[in-house]
Amino acid sequence: MAKVKIYIDGKEVLATEGANLLHQARLNGFNIPGLCYHHKLTPTGACRLCLVKVEGQRGMVASCTLAVKEGMNIVAFDQELEETRRFLLDYLVSEQNTHYDGTYPDELRELMLRYGLDKPENRFFKPVKAHVEFRVDSSSPVLTYDPSKCIKCFRCIKACDEVQGKNVLSFYERGLNSFIVAGTG
Ligand code: FES
């Protein structure tokens with residue numbers, strides 16, 4: 001696909017026409033946050049952390065749901081965007097079990113550090129999940145599934161559907177009590 005010029009925070013960059021805007025922005029060094037997007041999967045637009053402003057469009061738009069067009073003019077970082085991302089992340093964190101033992105990569109944890117939300121005193125939203133009981137499944141030698149850490153990004157479901165072609169995973173229950181099940185559970 002053809003390379004076209006777009007503008008991010010006033011900087012001219014080359015991006016692939018029709019490609020995912022968030023992915024292209026990151027390839028060009030703009031570290032826009034985002035937890036539900038993965039370059040091998042169709043975008044979900046669930047976490048809203050990748051919000052940007054696009055000239056000619058109202059409000060903030062999830063960059064993972066946009067395709068690159070020639071001449072696009074984007075704001076990736078300004079005070080309003082960063083405050084909105086922090087607010088959204090704070091809300092997301094309030095629904096998580098934030099205990100971290102440091103033994104695995106944790107994208108949510110990295111963003112908490114980036115936005116200062118690793119410190120409970122910096123959070124506006126109080127934890128709401130402490131009372132919800134989930135069972136940790138460590139029966140696999142290669143995977144551990146802890147539902148209390150699920151951010152409902154759909155990446156595992158989509159990887160199962162779109163990459164593996166198995167269509168095995170789905171959500172069970174709703175809202176705070178929802179969790180991922182395989183097959184009939
Ligand atoms: S990465 Fe775009 S909405 Fe989650």
Legend entry - Sole exception among (1) closer than 15 Å to L22 by Cα; (2) surrounded by 14 or more Cβ atoms within 10 Å (Cβ to Cβ) for N73, by number: (2)
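This table checks each residue for (1) farther than 20 Å from R26 by Cα; (2) without any contact (Cβ under 8 Å) to a residue 24 or more places away in the chain; (3) surrounded by 12 or more Cβ atoms within 10 Å (Cβ to Cβ).
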{"site": "R86", "(1), (2), (3)": "no, no, yes"}
{"site": "L89", "(1), (2), (3)": "no, no, yes"}
{"site": "E121", "(1), (2), (3)": "yes, yes, no"}
{"site": "E133", "(1), (2), (3)": "yes, yes, no"}
{"site": "V181", "(1), (2), (3)": "yes, yes, yes"}
Inset, instruction - Hey, can you tell me all the residues within the stretch 91-112 that are within 17 Å of N31 (Cβ to Cβ) and loosely packed, with under 12 Cβ neighbours inside 10 Å? - result: P105
Inset, instruction - Could you tell me whether the stretch 35-51 includes any residue that is open to solvent by less than 10 Å² (accessible area, probe 1.4 Å) and among the β-branched types (V, I, T)? - result: no
Inset, instruction - Report yes if K152 is out of contact with any Asp or Glu (no Cβ under 6 Å at 6 or more places or on another chain), within 16 Å of the ligand (Cβ to nearest atom), open to solvent by 40 Å² or more (accessible area, probe 1.4 Å) and part of a loop (DSSP other than H, G, I, E, B), otherwise no. - result: yes
Legend entry - All helices (runs of 4 or more DSSP H) inside the stretch 1-120 with 1 or more residues being more than 14 Å from the ligand (Cβ to nearest atom) and within 30 Å of T144 (Cβ to Cβ): 79-94, 107-114
Legend entry - Matching option when the condition is part of a loop (DSSP other than H, G, I, E, B) and either surrounded by 12 or more Cβ atoms within 10 Å (Cβ to Cβ) or in contact with a Ser or Thr (Cβ under 9 Å, 6 or more places away or on another chain) (or both), among F171, F125: F125
Inset, instruction - Determine, yes or no, whether Y7 is at pLDDT 95 or above, of a type in the set (F, W, Y) and surrounded by 19 or more Cβ atoms within 10 Å (Cβ to Cβ). - result: no
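The values are calculated or read from the model by the stated rules, or taken from the named source; none is laboratory data. Note that this is a predicted model, so its numbers are computed, not measured. All Cβ positions, even for glycine, are placed from backbone atoms using ideal geometry, and neighbour counts span all protein chains on display. Calculation scope for accessible area: heavy atoms of the full protein, side chains included, ligands and nucleic acids excluded. Shrake-Rupley method; radii C 1.70, N 1.55, O 1.52, S 1.80 Å.
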